[in-house]
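Here is the structure we will look at, set down as structure tokens.
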Amino acid sequence: MARNYDIDEDAFYADPENYQFSEDEIRSLNARALEDYELRVPMTPAEKRALRKWVASGHSVSESPGSKYICDLGMDFLDVYRADHEIAAAIRGKTKAEKIAYIKEYTGYVDPTPEELERMDAIRNTPVYVQKKYETLSRKLFLLWEFLATEGLCQEAREYLEDHKDEEMPMDFSFILE
């Protein structure tokens, strides 16, 4: 059997779920991934040097180094590297307030409205046992609506609620709060 990626293929295919890659195998896989990535993705010499240094330090090309400025979920090394350099260049020489405003705009962050802030404060100040009851009730209501949706009864339930919203409860629902 031809060797591929310098791994022990016989051992890998014998039990792929439990196979433990050695450090040399990981280094080899990362080096091959780097070669492929460099062929597919155009980059500047500085980007290429930074990426090679990242891979040489034991990381994958698809692994994120963590951004200095933004939440980088789903970004690989080069995406984060480019975003950080773009932001750094854009905020150079700006005041702290201008830097914050730029990063908020760059990421699409929107400050909470006064109503949202009030709601967040109310949640923070709500006793834990009340929060737990609320979460339990919310889960039960979600499951009830899930059942209604599965049975095709959502529209009928909405109409019933609209028609009877001002009436007293027809039965005791305190069991939901337990």
Return the carbon/sulfur percentage of the accessible area of the chain, one whole number, probe 1.4 Å, all protein chains in place.
-> 56 percent
P(r) for segment 75-178: what percent of alpha-carbon pairs falls in each 10 Å bin, starting at zero?
-> 11, 20, 21, 20, 16, 11, 1
Between the modelled labels at Val41 and Glu25 (7 Å from Cα along Cα→Cβ) the distance in nm is 2.5 nm
Too-long pairs where the Cα-Cα distance tops 25 Å, listed order kept, from Lys48/Lys68; Lys140/Lys165; Lys68/Lys94; Lys53/Lys94; Lys68/Lys132; Lys133/Lys165 = Lys53/Lys94; Lys68/Lys132
Return the long-range amide H neighbours of Ser60 (sequence gap of 5 or more, or a different chain), with a cut-off of under 5 Å between placed amide H atoms.
-> none
The FRET efficiency for Asp79 and Glu118, from their Cβ-Cβ distance with R0 = 30 Å and rounded to 0.05, is 0.20
Using a Förster distance of 25 Å, the FRET efficiency for Ser67-Lys132 (Cβ separation, nearest 0.05) | 0.10
The answer for the net charge of residues other than Phe21 whose Cβ lies under 10 angstrom from its Cβ, with Lys and Arg +1 and Asp and Glu -1, is -3
Of every Cα-Cα pair in the chain, the percent that sits beyond 30 Å | 58 percent
At 4 °C and 1.567 mPa s, what whole-number value in µm²/s does Stokes-Einstein give for the translational diffusion of segment 49-102, with Rh from the Kirkwood sum over Cα pairs?
-> 107 µm²/s
Two-site FRET efficiency, Phe12 against Lys53, from Cβ-Cβ distance with R₀ of 30 Å, rounded to 0.05 = 0.55
So what's the convex hull volume per residue for the Cα atoms of segment 10-104, in Å³?
-> 127 Å³
All other residues with a Cβ under 15 Å from the Cβ of Gly74 taken together, and with Lys, Arg as +1 and Asp, Glu as -1, what is their net charge?
-> -3
In square nanometres and to one decimal, what's the mean projected area of the convex hull around the Cα atoms of segment 103-145?
-> 4.7 nm²
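The values are calculated or read from the model by the stated rules, or taken from the named source; none is laboratory data. All figures in this text were calculated on a predicted structure; none of them were measured in a lab. Cβ sites come from the backbone with ideal geometry, for glycine too, and all protein chains shown count toward neighbours. Accessible surface areas use protein heavy atoms only, side chains included; no ligands, DNA or RNA. Shrake-Rupley method; radii C 1.70, N 1.55, O 1.52, S 1.80 Å.
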